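Values in this text are rule-based calculations from the coordinates and carry no lab data. Everything numeric here is computed off the predicted structure, so don't read it as measured data. Cβ placement follows ideal geometry from the backbone for every residue including glycine, while neighbour counts extend to all protein chains displayed.
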Amino acid sequence: MPSQKLSLQQKLLQKLSPQQIQVIKLLEIPTIQLEQRIKKEIEENPVLELIDDEPIDHSEDTDSNDSDEFSLEDYMDEDDIPSYKLNANNYSKDDKQVDIPFSTGTSFYESLTEQLGLTELTDQQKMLAQYIIGNIDEDGYLRRDLMSISDDLAFTLNMNVSERELVEILEVIQDFDPAGVGARTLQECLLLQIQRKKGNDSTCLASRILQHSFDEFTKKHYDKIIHKYEVTEEELKEALNEILKLNPKPGGSMNNPHNRSNQVIVPDFTLDNVDGELILSLNQRNVPDLRMNNSYLDMLKGYSSNRKSASKNQKEAVQFVKQKLDSAKWFIDAIKQRQQTLLLTMSEIIEFQKEYFKEGDETKLRPMILKDIADRTELDISTISRVSNSKYIQTHFGIYPLKYFFSEGMQKDTGEEVSTREIKKILEECIEKEDKRKPLTDDRLAKILKEKSYPIARRTVAKYREQLGIPVARLRKEL
């Protein structure tokens, strides 16, 4: 049996202190969340207070017997009081607490349920229709096949319903508003909408195209459609205009705008161009200034002078106050360090991209990565990443996230290094100016960029085009 031994060992480890962790967390959050974080800290730490608050008046005689001011001794000598003695029931039976409701309108599913109540279906059919409505997504489509719904009804509600019965109920739902609701495919959704329109020549041709030539329509093979239906190009153009007026997501038209969660962007920096000079400022509009309450500092001074005569309760209370004072000091220092780091990093970004920030021309945006700014600020790359994450700057040409200014680079034929964002801008301009009857292919775009001294392969052009959200040449074709 091996013998057990005790030994001493020295290790050198790197660990983050609580103060460093606090600075890192404050550095990551944007201004709109910083305000909430400061309010939370003020609620948890009584030592912290806002500078805008009125100072506490200590001129009154605190030794007076008539003074009703709450003191620390009262708190420490106070016995536990049962809660029933602190409860008050001073309300009359006639007092009514009325909550004012907030009207958000009728939702998409509520609208379908209301229309279901106006149909002449049996109770069982209405139950099945309600189940089908529950499977319709927010866009208005029924993504699940009816056979799966039939199996669910058999297992959950013990109802043996055939697929044919569900089709009949679905046809009733497809007559509801908005037009196209309950469709299982995009083709069915557009057909349901076009069938409700008045039957003129262009509408009839549009219905035939959607029903019998949907594949050619999606692939924009207009020559095949013209040859198949023996129509002129002008007639086809009118029919396509009818189709383009339809809503591919009918459920979205019924969504209440009050129920949508809009993202609010509060810029962390403000950049002004005054007579050609760039002036950077940190947005502190909603961030309050903090200070420590002097009464707690006086409490510690009084304890230090009467330390020997202090009771046990007083020592515990003063220890609690000391912890809160240290926490408040760390928090205020962390806020100041956050401001300094943000300003330093953003100043170096502006200095690096000075030509771009003067005019806002994307072609003057230099290639820049996190390491470039880390070297200029002598900060770690992770710190630059935290600063640029979820932060925005307001300039004289718009509001941009800080990550927008970071991009990779490549060399032109002349040896000059340019940003990939500049290449994307030129690529986008070429596509905007192209002949929509004969859109430029990726090969042709690669040749055009090569003529402009940008040696880019076709697959790279395709990658940049997809990043810009631009479809292939075949899908950009127009009559």
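Side notes on the structure shown:
- Net charge of neighbours whose Cβ lies under 14 Å from the Cβ of Leu146, counting Lys and Arg as +1 and Asp and Glu as -1: -4
- Whole-Hz couplings from phi, Karplus 6.51/-1.76/1.60, listed for the stretch 198-210; x for Gly and Pro: 5, x, 8, 5, 5, 5, 5, 5, 5, 5, 5, 5, 5
- Taken one residue at a time, the phi angles of the stretch 428-445 give Karplus couplings (6.51, -1.76, 1.60, θ = phi - 60°) of 5, 5, 4, 6, 5, 8, 6, 7, 5, 6, 9, x, 6, 7, 5, 4, 5, 5 Hz. Gly and Pro are set to x.
- Debye-sum result for the stretch 409-476 in log10 I(q)/I(0), which assumes one identical scatterer on each alpha carbon, at q = 0.14, 0.27 Å⁻¹: -0.38, -1.33
- Using a cutoff of 8 angstrom between alpha carbon atoms and counting only pairs six or more residues apart, the relative contact order for the stretch 116-209 works out to 22 percent.
- Cα coordinate range in the stretch 108-254, projected on the principal axes (Å, largest first): 55, 26, 24
- Annotation: peptides 138-144, 435-441, ranked by per-residue average of other Cβ atoms within 10 Å with the highest first, follow the order 138-144, 435-441.
- Here's the list of lysines a cross-link from Lys329 could span, going by alpha-carbon distance under 20 Å and ignoring same-chain residues fewer than 8 apart: Lys25, Lys39, Lys40, Lys301.
- In the stretch 108-254, taking the dipole from charged Cβ atoms about the Cα centre, the farthest positive-side position among Ser202, Gln174, Leu191 is held by Ser202.
- Its Cα centre serving as origin, the stretch 269-405 has a Cβ charge dipole (Lys and Arg +1, Asp and Glu -1) of approximately 1240 debye.
- 5 angstrom amide H check on Glu49, placed H, neighbours 5+ away: Arg291, Asn293
- Values of log10 I(q)/I(0), in the order q = 0.21 Å⁻¹, for the stretch 188-255 under a Debye, Cα-only, solvent-free model: -0.84
- Checking the cross-link pairs Lys220/Lys245; Lys354/Lys403; Lys245/Lys403; Lys391/Lys425; Lys354/Lys424 against a 27 Å limit on the alpha carbon distance flags Lys245/Lys403 as lying beyond it.
- Other residues lying with their Cβ under 10 Å from the Cβ of Glu28 contribute a combined charge of +4, Lys and Arg counting +1, Asp and Glu -1.
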